[in-house]
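To start, the structure under review is shown below, and the notes come after it.
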Amino acid sequence: MCESGGRQFDEWGQVIIGKINPLDTGKWQINRYYWEAEARKLGYDLFTEEGNTRMALYIFERYGTAP
């Protein structure tokens, strides 16, 4: 909530990106540097709300809240 406001898109329809790190992407602020290749392997598009959420769940299920 603190970074994306719980939203995937801003008022202009653009994907929310991190204010400090522009590689942090979407509702769940998935960092593309660390996770984009894995997301692609899994068939998740971080720029869609569905793909961003699926990747967030994937990360949480494997690593908990550490990342």
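The values are calculated or read from the model by the stated rules, or taken from the named source; none is laboratory data. Remember, it's a predicted structure, so these values are computed and weren't measured experimentally. Every residue, glycine among them, receives a Cβ derived from its backbone with ideal geometry; neighbour counts consider all protein chains shown. For the accessible areas, the whole protein counts, side chains as well, though only heavy atoms, and no ligand, DNA or RNA atoms are used. Shrake-Rupley method; radii C 1.70, N 1.55, O 1.52, S 1.80 Å.
Are there any pairs, at least 6 apart or on different chains, whose C-beta atoms fall under 9 Å, with the first in region 1-27 and farther than 19 Å from Arg54 by Cα and the second of a type in the set (Phe, Trp, Tyr) and open to solvent by less than 40 Å² (accessible area, probe 1.4 Å), and if so, which?
As it stands, the answer is none, since no pair meets every condition given.
Go through region 31-67 and give me each residue that's within 23 Å of Lys19 (Cα to Cα), in contact with a helix residue (DSSP H, G or I) (Cβ under 8 Å, 6 or more places away or on another chain) and either open to solvent by 80 Å² or more (accessible area, probe 1.4 Å) or of a type in the set (A, V, I, L, M) (or both).
Ala39, Leu46, Arg54, Met55, Ile59, Pro67
Would you be able to say whether some residue in region 41-51 is on the phi > 0 side of the Ramachandran plot and modelled with pLDDT of 95 or more? Before the answer, list the steps.
Keep residues of region 41-51 that are on the phi > 0 side of the Ramachandran plot, which gives 43.
Keeping just the survivors that are modelled with pLDDT of 95 or more gives 43.
Yes: one or more hits.
Provide a single number: the residues in region 7-30 that are under 11 Å from the mean Cα position of the chain (by Cα) and either surrounded by fewer than 13 Cβ atoms within 10 Å (Cβ to Cβ) or part of a strand (DSSP E or B) (or both).
Taking region 7-30 and keeping what is under 11 Å from the mean Cα position of the chain (by Cα), we get 7-8, 15-18, 23-30.
Okay, now just the ones that are also either surrounded by fewer than 13 Cβ atoms within 10 Å (Cβ to Cβ) or part of a strand (DSSP E or B) (or both), so 15, 17, 24-25, 30.
So the count comes out to 5.
Can you work out which of the residues in region 31-66 that are in a loop (DSSP other than H, G, I, E, B) and under 12 Å from the mean Cα position of the chain (by Cα) is farthest from Phe9 (Cα to Cα)?
Per the criteria, the residue is Tyr44.
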